[in-house]
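Just below is one structure, and these are the notes that go with it.
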Amino acid sequence: MGRGLRKKQQISNRVNNEINSDMANQKKSCEEKIRDFKKQNLFLEQEIIRLSSLVIQKVKEGKEIRRRLEKALLENERRRAELEGQIQKRTKELQEKVRELEKFQKMAVGRELKMVELKEEIENFKKSL
């Protein structure tokens, strides 16, 4: 029975060695996967930081664009109001000029009509003489 026990012990040792070897290989494989995962995780964290910085930069640029746009809109509104004032002033000036020209036209036409009338009277006097 000593021999049978020794044989079982050898088989048991071989099985334990194979199990230990498999476990060591699996442990090594898991450790490699963990290292790869950590590398990927580090890469992703760096990418998140890079993209976050880019987003922050774009937000700042967007705010600056918005500030400039608001400033331009205010300036446009100021200019529009200023031009409307100038247009109203110029319109009043032109309306006054039109009234003056209409008055002058009436006077000139009236004068010309009077001149025609006087010329007719002169002709009639010449004929009567």
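Just so you know, all these numbers are worked out from the coordinates, no wet-lab data involved. Please read all numbers here as calculations on a predicted model, not as lab measurements. Ideal geometry is used to build each Cβ from the backbone, glycine not excepted, and the neighbour counts take in all protein chains shown.
Summary of computed values
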{"item": "Within straight-line cross-link reach of residue 7, aspartates and glutamates at Cα separation under 16 Å, skipping those fewer than 8 residues along the same chain", "result": "none"}
{"item": "³J(HN,Hα) computed for each position of the range 11-28 - Karplus, 6.51 cos²θ - 1.76 cosθ + 1.60, integer Hz, glycine/proline x", "result": "5, 4, 5, 5, 5, 4, 4, 5, 4, 4, 5, 4, 5, 5, 5, 5, 4, 4"}
{"item": "Listed residue (37, 56, 21) projecting farthest to the positive dipole end of the chain, Cβ model", "result": "21"}
{"item": "Anchor residue 8: lysines whose Cα lies under 28 Å away (excluding residues fewer than 8 positions away in-chain)", "result": "27"}
